[in-house]
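Bear in mind that the values in this text are calculations on the coordinates, not laboratory data. Given the structure is predicted, the values throughout are model-derived calculations rather than measurements. Neighbour counts are summed over all protein chains in view; Cβ atoms, including those assigned to glycine, are modelled from backbone coordinates with ideal geometry.
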Amino acid sequence: MTDTLADRRILIVEDESLVSMLLETILEDLGCTTVGPAGSVTEGLELATGGQMDAALLDVNVAGELVFPIAQTLRDRGVPFVFSTGYGEGGLPEEWRGNTTIQKPFTESAVRDALLKALTV
């Protein structure tokens, strides 16, 4: 397993601007290029459908909408993703449990480890 995320393109779907900025900073520190961020499911679907990315960080609840249509699009494309939620994996519907999940608030190391795990599964 590689221990670097350098030069990886990571989609961010997150409606909270401060969290989004934090994720952008974390990814930049890890050497990644940010795709987005998308602040809505509609915008995230557009990016997930047509954009080039290596992985994605998906807030489960984006402006009151669930992110699962984006997750399904990414799954269909073979793009790994990490869910972020205040409830942890237990807050996910059964069909989405088992995917890499980080719980808010998260640290840079949690984001790095989750992305590395998702990219190597």
Output row, site residue 52, 7 Å Cα→C-beta label point, backbone N cut-off 16 Å, window segment 1-30, residues 7-11
What list of ³J(HN,Hα) couplings, whole Hz, do you get for segment 16-33 from phi and the Karplus terms 6.51, -1.76, 1.60, once you set θ to phi - 60° and write x for glycine and proline? 8, 4, 5, 5, 4, 5, 4, 4, 4, 5, 4, 5, 4, 4, 8, x, 8, 9
Using the Karplus curve 6.51 cos²θ - 1.76 cosθ + 1.60 with θ = phi - 60°, what ³J(HN,Hα) values do you get for each residue of segment 83-96, in whole Hz, with x for Gly and Pro? 7, 10, 7, x, 9, x, 4, x, x, 8, x, 3, 5, 9
Separation of segment 78-121 and segment 1-50 by C-alpha centroid, Å? 14
Share of antiparallel DSSP beta bridges in segment 9-120, in percent to the nearest 5? 10
If amide H atoms are built 1.01 Å from N in the plane of the peptide, which residues on other chains or at least 5 residues away come under 5 Å of the amide H of residue 32? 7
Shape call for the chain, from the Cα gyration tensor axes a ≥ b ≥ c (a/c under 1.5 means rounded, otherwise prolate when a/b beats b/c, else oblate), comes out rounded
